[in-house]
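Asks: My questions will all concern the structure given below.
The values are calculated or read from the model by the stated rules, or taken from the named source; none is laboratory data. Remember, it's a predicted structure, so these values are computed and weren't measured experimentally. Neighbour counts run over all protein chains shown; Cβ positions are idealised from the backbone, glycine included. With ligands, DNA and RNA removed, areas are computed over all heavy atoms of the protein, side chains included. Shrake-Rupley method; radii C 1.70, N 1.55, O 1.52, S 1.80 Å.
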Amino acid sequence: MATHSTLSRRVGTIAAAVIASALVLSGCASGDTAPAASGGSDEEASYGEISVQYSWIKNEEFAGEFYAYENGYYDEAGFSDVIGVAGPDTGVAKLLSGTVQVALSDAASVGAAVAEQDAPLKIIGATFQKNPFTILSLADGGDIATPEDLIGKKIGVQDSNASVFAALLAANDIDPSELEIVPVDFDPTPLINGEVDGFMAYLTNEAITVEMAGYPVTNLAYAENGLPYVAETFTVTDQYLAENRDLIKAFLTAEIKGWTDTFTQPIDDTVSLVTKYYNESAAAGELTFGELDPAKVAAGIEAQALLISTEETESNGLFTISDDLKEQTLASLATSGWKLTVDDLFDTTIIDEIYAENPDLLDYLP
């Protein structure tokens, strides 16, 4: 198995310096941009403005957030503005510096920061109940179907995903020296051109893009190969959580309503909504990748629905994380030497309170 020190160096080269400096700043970041209300109903609340870091560009991955804007759920919750910051970005450093108040991240990135840097962060909910990461390869190329197939291959990995890829290797007793890691961005062209044998991707995004371009693909899904952890995690600092519980409850309630719409509204309407916000993001100069293909957007929406709606969320509600899934997540991180307890990484009491107080929010399926 890859050692703890090996993985520490890989994570450290990407994030340790910025996290260390951000930890100093975090003591000053008290969430003043979004003051907590003194109590009362959502109609009486006035939470001001908050910033939310998205893990990726503004595409179908954030359809629920777009519905929350479009249908006024953030307004109803008492926010003057919810600023969605386009990624790609794990959000860890920005949370610690106070640049954003909430980040949509992943358990490996957050867990690494907590374990390696003692970062005061908590996962308070998760959009994806299943890890969406995959090593994408061409069926007539690298054809990487098992972890052992990674050995000797060139694998394209984005800087922001390095800690997650390190966790996959560790979970399968593969040392990084047994393969070649090639820095890439998020465009899968190097895979199509044969520059790499495998490409770190999302099952809901690049895997669909390449297949729809006419290339038969093979996916090595992380969730089925040692890393069944939660992703698109709602993450905040410990201090922000302690000082803004009512605000966070209002925010998550608006998010639940928005994501409920992705299951109850016609998919064509959702595609149109995603296209609108994507085009606005492009016009604002944020990262985008050309024009959206409506068929690809629809396929992505359907694929991610399988990661969001599970037996557990159907019973317990969107964004909930069961005790079993928490333990699976911790076991996944432990393979990388990141040994954490449930209390180190999770605080899902607010999401549980939301459903206890509003059981009608459980009815999200049409």
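Asks: Could you tally the net charge around P294, taking each other residue with its Cβ under 11 Å from the Cβ of P294, Lys/Arg +1 and Asp/Glu -1?
Replies: -3
Asks: Could you list the square roots of 5 times each eigenvalue of the Cα gyration tensor of region 239-366, that is, the equivalent ellipsoid semi-axes, sorted largest first and rounded to whole Å?
Replies: 29, 20, 17
Asks: Relative to the longest principal Cα axis of the chain, at what angle does helix 323-334 sit, 0 to 90 degrees, rounded to 10?
Replies: Value to nearest ten degrees: 40.
Asks: Still on this structure, I have one more. Among the listed pairs K122/K276; K94/K122; K249/K296; K58/K153; K122/K154; K154/K326, which are separated by more than 23 Å between their Cα atoms?
Replies: Pairs exceeding the cut-off: K122/K276; K249/K296; K58/K153; K122/K154; K154/K326.
Asks: Roughly how many Å² is the accessible area per residue of region 200-290, as a whole number, for a 1.4 Å probe?
Replies: 37 Å²
Asks: For a bin width of 5 Å, list the pair-distance distribution of region 129-196 built from all Cα-Cα distances, rounded to whole %.
Replies: 3, 16, 29, 28, 18, 5, 0
Asks: I want the local charge near E327. Using Cβ-Cβ distances under 14 Å, sum +1 for each Lys or Arg and -1 for each Asp or Glu among the other residues.
Replies: Charge balance in the 14 Å sphere: -3.
Asks: So, how do all the Cα-to-Cα distances of region 195-295 break down into 5 Å bins, in percent, from 0 on up?
Replies: Per 5 Å bin, starting at 0, the Cα pair percentages come out as 2, 8, 12, 14, 17, 20, 15, 7, 3, 1, 0.
Asks: In percent, what relative contact order does region 177-240 have, based on Cα pairs under 8 Å that are 6 or more apart in sequence?
Replies: 18 percent
Asks: Where the only charges are on Cβ atoms (+1 Lys, Arg; -1 Asp, Glu), what is the dipole of the chain about its Cα centre, to the nearest 20 debye?
Replies: Numbers: 15 positive and 59 negative charges, 205 e Å.
Taking the Cα centre of the chain as origin, the dipole is about 980 debye.
Asks: Report relative contact order for the chain in percent, whole number only (criteria: Cα-Cα under 8 Å, sequence separation at least 6).
Replies: Once divided by the residue count of the chain, the mean separation gives 26 percent.
Asks: Next up: Once the chain is represented by equal point scatterers at the alpha-carbon sites, with solvent omitted, what log10 I(q)/I(0) does the Debye formula produce at q = 0.07, 0.08 Å⁻¹?
Replies: Computed log10 I(q)/I(0) values: -0.28, -0.37.
Asks: Note down the magnitude of the dipole of region 81-133 about its Cα centre, charges +1 on Lys and Arg C-beta and -1 on Asp and Glu C-beta and zero elsewhere, to the nearest 20 debye.
Replies: Details: 3 positive and 5 negative charges, 27 e Å.
My answer is approximately 120 debye.
Asks: Okay, moving on. Considering only the chain, what is the antiparallel percent among its DSSP beta bridges, to the nearest 5? List each step's numbers first, then the result.
Replies: Numbers: 19 of 34 bridges.
Taking every DSSP beta bridge with both residues in the chain, the antiparallel ones total about 55 percent.
Asks: With charges set only on the Cβ (+1 for Lys and Arg, -1 for Asp and Glu), what does the dipole of region 250-297 come to about its Cα centre, in debye to the nearest 20?
Replies: Dipole size: approximately 100 debye.
Asks: What relative contact order, as a whole-number percentage, does region 207-366 give when Cα pairs under 8 Å and 6 or more residues apart are counted?
Replies: It comes to 34 percent, rounded to a whole number.
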